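Report on the structure given below.
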Amino acid sequence: MFLGLNASRFARGIFSAAGLLSIAAVVVGCAGYASSKSPTVAQSGVVVSPGTVQFKNVPVGQTVTQTMQITNTNNSPVQISGVAISDKQFAISGPSVPRSILPGMNLQYTVAFTPNAAGNVSAAINISDSASQTPLSVSLTGVGQQKTVVSLQVSPTSVNFGNLLLKSTSTQNVTLQNTGNTAVAINGVSVSGSGFGYADLSPGYSLSPNQKVTFQVWFKPQVQGAASGTLSVLAANLASPAVASLSGDGVSSNPTPPPPPPTPTAHTVHLTWGASDSTTVGYRLYRSDAAGGPYTSVNGSNIDALAYDDTSVTSGTTYYYVVTAVNSAGEESVYSNQATAAIPTP
């Protein structure tokens, strides 16, 4: 058996990919709340304070709590058998029931309000006890307040004017949209960077929720070379400006496009070997990057020919190959002589 080799080259192309970047900012306003407590409610010696629990101006999705106390003014113990609320936007937590209250003692509970929508909500806490036949009722009221979201979105967030002849002007459209839920009045617009400016957007312009306005930014290079800048839109209730990056290149004449990069050369090692005896059903090819092995299979299966092209080689690497013969029982012969292939460096 013998093993020989020769190398041939194939041309392959290369490619590049560019990604996209977008930025959005949302500023959530803060809302306060106020609560007041009504006089106590009492029934058969069980006194609840406050008798009405009020929550005012609680932002939707946020939780505000108040304390409620149940006191036994009887001369004997009273058992509280149930504490229930009629609306899921309210919740109560505290000692589990049933539970006894000794004379002159009390239980402390925490009442929470988490509005799921803006508007007024009314409910009741029904307290069942052993001192009376009917539950004692505590009134609950709450006012859910919509969150104030102030947000301006600039699109696109990056404007590139490319190559532009000196002292010539190029314009591009930019859209400003109110993506919050409250009106936004523009206080000012500023542009930094040499050669950049804007038009058709004046301070004092007001945008309602979801409203858009389109204006122009322009680039007029005065000097040759790359330029960069920033467009900033300011509003009193906006925590930070809405911005877009600006870029361009001033050139003295239309530049000649650069030549394409050279195409890398790929290599193939062509391997051949002599036939074994008549019981052989195929051959297996092995490769190593070190003389004498260890070797690994090149294609992972039998080869039904006396030649093979190895295309999975790397420039500047030397490979060492051996081949075995396989009979019908799947048994392999010993390794053949070792062949060497040195892949050129580009």
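Nothing in this text is a laboratory measurement; each read-out follows from the coordinates by a stated rule. Only a predicted model underlies this, so the values are computations on that prediction, with no experimental measurement involved. For neighbour counting, all protein chains shown are included, and Cβ atoms are generated from backbone atoms with ideal geometry for every residue, glycine included.
Taking the centroid of alpha carbons for each part, the range 227-259 and the range 120-160 are 45 Å apart. Toward the positive end of the charge dipole of the chain, with +1 on the Cβ of Lys and Arg and -1 on the Cβ of Asp and Glu, the farthest Cα among GLN133, THR279, ALA117 is that of GLN133. Would you please calculate the Kirkwood hydrodynamic radius of the range 154-300 over all C-alpha pairs and express it in Å, rounded to one decimal? After inverting the pairwise mean of 1/r, the radius is 20.8 Å. Here the range 136-177 is scanned for amide nitrogen atoms under 15 Å from the site 7 Å beyond the Cα of GLN211 along Cα-to-Cβ, giving 151-153, 176-177. Its alpha carbons considered, the chain gives a radius of gyration followed by a Dmax of 40.7, 112 Å.
Note on the range 265-342: along the principal axes its Cα atoms extend 39, 23, 20 Å, ordered by decreasing extent.
Can you tell me, using C-alpha contacts under 8 Å and at least 6 residues apart, the relative contact order of the chain as a whole percent? For the chain, the relative contact order is 17 percent.
Using a 10 angstrom cutoff on alpha carbons, build the Gaussian network for the chain and name the most mobile of ALA124, ALA329, ALA84. Among ALA124, ALA329, ALA84, the largest mean-square fluctuation in the Gaussian network model of the chain belongs to ALA329.
Among SER81, SER315, SER155, the largest mean-square fluctuation in a Gaussian network model of the chain (Cα springs under 10 Å) belongs to SER315.
Between VAL213, VAL313, VAL159, the Gaussian network model of the chain with springs among Cα atoms under 10 angstrom shows the greatest mean-square fluctuation at VAL313. Which whole-number percent gives the relative contact order of the range 45-134, counting Cα pairs below 8 Å spaced six or more residues apart? Once divided by the residue count of the range 45-134, the mean separation gives 37 percent. Counting other Cβ atoms within 10 Å as a rough exposure proxy, the listed residues SER190, SER151 run SER190, SER151 from fewest neighbours to most.
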